[in-house]
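The values are calculated or read from the model by the stated rules, or taken from the named source; none is laboratory data. All values derive from a computational prediction rather than experimental measurement. Neighbour counts are summed over all protein chains in view; Cβ atoms, including those assigned to glycine, are modelled from backbone coordinates with ideal geometry.
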Amino acid sequence: MADQYDLLVIGAGPGGYIAAIRGAQLGMKVAIVEREHMAGICSNWGCIPTKALLRTAEVYGHMSHAKDYGLTADSFGFDIDAIVKRSRGIAAQMNNGVQFLMKKNKVDIIWGEATITKPGEIKVAPTKKAIVQPQGPVPKNALGEGTYKARNIIIATGARPRVLPGIEPDGDRIWTYFEAMKPATMPKSLVVMGSGAIGVEFASFYRSMGAEVTIIELLPQIMPVEDAEISALARKRLEKRGIKILTDAKVAKVEKTKDGVIAHVELKSGEKQQVTGDKLISAVGVQCNIEGLGLETVGVKTERGAIVIDNYGKTNIDGIWAIGDVAGPPMLAHKAEHEAVITVEKIAGLPVHGLDKLKVPGCTYCEPQVASVGLTEAKAKEAGREIKVGRFPFVGNGKAIALGEPDGLVKTIFDAKTGELLGAHMVGAEVTELIQGFVIAMNLETTEEELIHTIFPHPTLSETMKESVLDAYGRVLNM
Ligand SMILES: Cc1cc2nc3c(=O)[nH]c(=O)nc-3n(C[C@H](O)[C@H](O)[C@H](O)COP(=O)(O)OP(=O)(O)OC[C@H]3O[C@@H](n4cnc5c(N)ncnc54)[C@H](O)[C@@H]3O)c2cc1C
């Protein structure tokens with residue numbers, strides 16, 4: 001049988017659906033296989049519904065200190081069902097949007113679970129049962145079970161919550177992000193195991209809504225991939241908001257009680273503590289969806305649980321490619337999307353730049369927000385770079401003060417010899433929107449000179465970025 005498709009994509013998350021669209025744009029006949037929910041974890045259970053919850057928390061936070069702005073809001077409260085309904089409604093809208101995009105780009109949707117039987121061929125079987133959560137709506141006119149052929153197959157099957165042995169989520173008292181996204185009632189107290197972006201965002205949301213929250217982190221700092229100085233400032237702010245934080249601390253055991261959980265914590269110092277909560281969120285990372293794909297049958301190489309690829313998404317088997325979470329860290333939607341475009345353009349024979357992971361920004365949408373790109377100060381030093389470091393606090397910025405957001409810092413790191421921007425790290429209001437300025441700068445291999453000659457609008461928070469650059473060169477103006 002001749003190939004029915006030029007490209008088959010397995011998984012309709014941000015990696016998969018963007019690959020499908022780019023393939024269609026380049027004139028390929030494309031089909032995408034999805035077993036559970038169009039738009040993947042990102043839109044259904046990840047990036048978007050969490051941001052909807054965090055927006056609620058932000059507005060609620062503003063209401064609770066309305067007085068600071070000369071406003072009166074004597075009586076306000078929340079309805080947890082309505083909060084969750086809003087978040088789930090937004091997730092559903094995203095899911096629908098991706099169905100529309102597939103139709104618009106004439107991408108066939110195949111509903112079911114795909115297994116690669118040999119290079120160029122997959123078998124799709126009906127989804128056995130909801131893998132993680134109740135299945136999303138099955139798209140209209142979706143194709144179903146059968147054998148499908150294409151010269152190129154892209155695996156974009158994503159990841160799921162990592163589970164620690166002995167601390168298995170039970171959907172009741174021990175939650176993953178799925179349960180944390182749709183609480184039936186607001187817990188009064190919460191233990192969050194793990195302080196990566198997912199753990200800290202949920203900690204921030206629940207604290208804003210009034211819960212007593214304790215974060216327990218195995219490593220010496222929260223948000224372990226971030227610059228140590230930024231992480232320390234974020235910690236200070238989170239603690240000021242009433243979140244308890246234990247670092248260098250291991251959850252050895254979780255005991256379920258009649259009313260909640262007791263986390264038995266062992267600190268590096270040898271001290272032992274018991275932390276109680278109504279619920280515990282297990283946020284200790286994610287694990288790639290590599291099972292049942294037929295990888296062993298076709299000989300696709302995996303390492304530490306992820307598919308091994310080159311900078312263009314190519315696996316060790318011709319015609320089989322992998323992108324997004326299933327191909328390893330950083331596990332971020334924009335990394336998945338970027339890999340999707342690179343890989344499809346490579347398949348099409350276009351000249352492309354491979355992925356440079358150093359230029360993948362990372363954002364955490366807690367309060368205060370944290371955002372970064374490039375090398376941390378410690379990593380730059382470890383790499384033997386001679387560096388210049390600039391810092392500018394939000395308190396020196398008129399817009400930050402007008403907003404009532406004077407806590408924040410922008411830190412920039414330059415190569416002392418060449419002026420190359422090596423990294424930028426931020427904590428404070430809206431920094432997740434600001435970081436893109438530095439991402440563009442790094443991508444264009446900008447030096448301090450070019451940044452200093454760039455005009456930043458006034459009054460904006462972005463002026464802190466320029467001041468941080470000026471500070472690295474002893475020329476700070478507003479401090
Ligand atoms: C709570 C939370 C918050 C997050 N917030 C952010 C954020 O703010 N910013 C950010 O960049 N990232 C965030 N992420 C991470 C982001 O969601 C992922 O990096 C992103 O979804 C990865 O995209 P993907 O396409 O690789 O995989 P996924 O989105 O996981 O999609 C994979 C798809 O493949 C399907 N699939 C799997 N196996 C098969 C099979 N055999 N056959 C058919 N279909 C299959 C799955 O059903 C799924 O729909 C967050 C994640 C979580 C959990």
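When Thr127, Thr56 are checked against the criterion of being polar (S, T, N, Q) and surrounded by fewer than 17 Cβ atoms within 10 Å (Cβ to Cβ), Thr127 stands alone in meeting it.
When Ala378, Ala383, Ala371 are checked against the criterion of being under 28 Å from Gly474 (Cα atoms), crowded, with 18+ Cβ neighbours inside 10 Å and small (Gly, Ala, Ser), a single residue qualifies: Ala371. Ala66 falls short of the stated requirement of being in the same structural domain as Ile342 (by TED's automatic domain parsing) and either within 27 Å of the chain's Cα centre (by Cα) or without any contact (Cβ under 8 Å) to a residue 60 or more places away in the chain (or both). Against the test of being acidic (Asp, Glu) and farther than 25 Å from Ser462 by Cα, the options Glu377, Glu386 yield a single qualifying residue, Glu386.
In the set (1) in contact with a strand residue (DSSP E or B) (Cβ under 8 Å, 6 or more places away or on another chain); (2) more than 16 Å from the ligand (Cβ to nearest atom); (3) closer than 25 Å to Gly13 by Cα, Thr157 fails one condition alone, (2). If you go through segment 339-368 and keep only what is under 14 Å from the mean Cα position of the chain (by Cα) and surrounded by fewer than 24 Cβ atoms within 10 Å (Cβ to Cβ), you end up with Val360, Pro361, Gly362, Cys363, Tyr365. From the list Ile230, Ile290, which one is part of a helix (DSSP H, G or I), in contact (Cβ under 8 Å) with a residue 60 or more places away in the chain and not aromatic (Phe, Trp, Tyr)? Of Ile230, Ile290, the one residue that is part of a helix (DSSP H, G or I), in contact (Cβ under 8 Å) with a residue 60 or more places away in the chain and not aromatic (Phe, Trp, Tyr) is Ile230.
Taking residues in segment 190-204 that are within 11 Å of the ligand (Cβ to nearest atom), and partners anywhere that are aliphatic (A, V, I, L, M), the pairs with Cβ atoms closer than 6 Å and at least 6 places apart or on different chains are Ile198/Ala283; Gly199/Val192; Gly199/Ala283; Phe202/Ala180; Phe202/Ile281. Scanning segment 422-438 for residues that are of a type in the set (A, V, I, L, M, F, W, C) and over 18 Å from Pro224 (Cβ atoms) returns Leu422, Ala424, Ala429, Val431, Leu434, Ile435, Phe438. Set side by side, the residues Ile154, Ile80, Ile122, Ile110 differ, and just one is surrounded by fewer than 19 Cβ atoms within 10 Å (Cβ to Cβ) and at pLDDT 95 or above, which is Ile80.
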